[in-house]
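FYI, it's all coordinate maths here, none of it is from the lab. Quick caveat, the model's predicted, so the values are computed rather than measured. Reconstructed Cβ throughout: ideal geometry from the backbone, glycine too, with neighbour counts over all protein chains shown.
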Amino acid sequence: MKTLKYLFLGGLATVLMAADCSNKDSEFYNDVFISSPNMVDVEDNVLYTVGDYLMVNAYFDRTVPEAGQNNDIDLYKTSGGALSFTFSYLIEKEIAQDQWTPVDITEANVFDGEGNSVAFGDFLLAQSVFDPALQTYRYRGGVRLTETGSYRLRFTYNQEPSAAIVLTSDSLQGNLFVTIFSNCEDTDSAGYYYFDVN
Amino acid sequence: MKRFLWIALLCGPLVSAQENESGLSSRKNEVRTDLLSTVALAKYNLSYERFTGGKFSFGVTGAVVSSKKVEDDFEEGNRDNSPQFEVTPFVRYRLSEGVSRFYFAEVFASANGGDFREIVRKTENGVGYYEVEKSDYFDVAIGAGAGYKMYLKEQWAIELMVGFGVNTIETDKSPDVFSRVGVSVGYRF
């Protein structure tokens, strides 16, 4: 009889573990992931001097091409009328041969043109904000360059450097959250935009 | 919740129950409801079980789900299905010799259904967009379980049960796992 009880307990333990193993029913089902090229660009200067701003733009229509589809995607409609898309970027300074350290970004050094730019120390949070009149999302902002040296910019804060730029919709609860994987023509294949400040 | 069930299951044999097997054997029918599912999952249910006189019994459980949390999670996209009903016929085999306190094994099939949501891409005026589309699902789960049952005063049943099954038809829409876990009270007559 004892053996039978142990068999039962073992069987029940297996049942409980098996019930816990499935995670299909615990995912998030309001995410839309799309790819669309060239949604962000850097205002490319041939020569930067101390006091200049490194400017970044993200202007895009509410409808943009979607990779793998034969027609555009309406970002505004899909996201339930999201008023902005957010992405981030950071600047690194070369402190020795192939050694880079993030530049501290303060509010005082941020150029807040269109949309929103919020300094978070190591990186800058950029919001491309919807303009109802133009039916476009608009961002223009930048960081003042305060020291001479060699620099690089990338759009992949808190993740491995890559050429992909991730823009996420600031959707209200209950609407679809749109994540756009895009790129910037001004960066190299690793996702860096290199520049010098004299 | 599962930890509580484990403790209850292990302590079950320690609880005294009045043994009067002849009285129980003459009562062939039982109705019960799973209080745990009712309280924890807002799954309102009723079971009927018919005892054959031997070690086998069979029955059916019906349940409707009316959980605000499940519905909210479904609407907010934290889950892609929202179970609404279950009809679960089952067959049990008593593994112990006693009839007033015993372990049992069970196999069951469950017709279950509910709501399902998915994100689809549509086109309007030549422009694409994504939106949530809702539909119904219906599935049949097959599974097994085990439990412990005891009687008080030859009539009042207390039952602990753990079981699970897998859906077999619309597996892309229905829940992967169909669980049958509960603490039930019932009346045998």
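Quick check on my filter: what residues within the range B:140-172 are more than 30 Å from B:Arg188 (Cα to Cα), more than 13 Å from chain A (Cβ to nearest Cβ) and either in a strand (DSSP E or B) or among the polar types (S, T, N, Q) (or both)? Correct list: B:Thr168 only. Pairs linking a residue in the range A:64-77 that is more than 9 Å from chain B (Cβ to nearest Cβ) and farther than 20 Å from A:Val129 by Cβ to a residue that is among the acidic types (Asp, Glu) and in a loop (DSSP other than H, G, I, E, B), with Cβ atoms under 8 Å and 6 or more positions apart or on different chains, are A:Pro65/A:Asp72. Scanning the range A:132-151 for residues that are closer than 26 Å to A:Trp100 by Cα and crowded, with 20+ Cβ neighbours inside 10 Å turns up A:Gly141, A:Gly142, A:Val143, A:Leu145, A:Tyr151.
Taking the conditions (1) surrounded by fewer than 20 Cβ atoms within 10 Å (Cβ to Cβ); (2) more than 30 Å from A:Gly174 (Cβ to Cβ) in turn, B:Lys134 satisfies each one other than (2).
Would you pick out the residues in the range A:67-99 that are part of a loop (DSSP other than H, G, I, E, B) and either surrounded by 19 or more Cβ atoms within 10 Å (Cβ to Cβ) or of a type in the set (Lys, Arg) (or both)? Passing the criteria: A:Ser79, A:Ala82. What about A:Thr179, is it assigned to a strand (DSSP E or B), more than 19 Å from the chain's Cα centre (by Cα) and more than 16 Å from A:Met55 (Cα to Cα)? Criteria not met by A:Thr179.
Among the residues making up the range B:81-109, those that are surrounded by fewer than 15 Cβ atoms within 10 Å (Cβ to Cβ) and within 12 Å of chain A (Cβ to nearest Cβ) are B:Glu97, B:Gly98.
Evaluated against (1) free of Cβ contacts under 8 Å to residues at least 12 places away in the same chain; (2) buried (at least 18 other Cβ atoms within 10 Å of the Cβ), B:Val39 falls short on exactly one condition, (2). The listed residues are A:Tyr137, A:Tyr89, and the only one of them that is in contact with a Ser or Thr (Cβ under 9 Å, 6 or more places away or on another chain) and under 30 Å from B:Val132 (Cα atoms) turns out to be A:Tyr137. From the set of residues in the range B:141-189 that are buried (at least 20 other Cβ atoms within 10 Å of the Cβ), more than 16 Å from B:Lys43 (Cβ to Cβ) and of a type in the set (Phe, Trp, Tyr), which is farthest from the chain's Cα centre (by Cα)? Residue satisfying both the conditions and the ranking: B:Tyr151. Cβ contacts < 6 Å: first residue free of Cβ contacts under 8 Å to residues at least 40 places away in the same chain, restricted to the range A:144-157; second residue surrounded by fewer than 17 Cβ atoms within 10 Å (Cβ to Cβ), any location; separation 6+ or different chain. Result? Short answer, once both residue conditions are applied: A:Thr156/A:Ser162.
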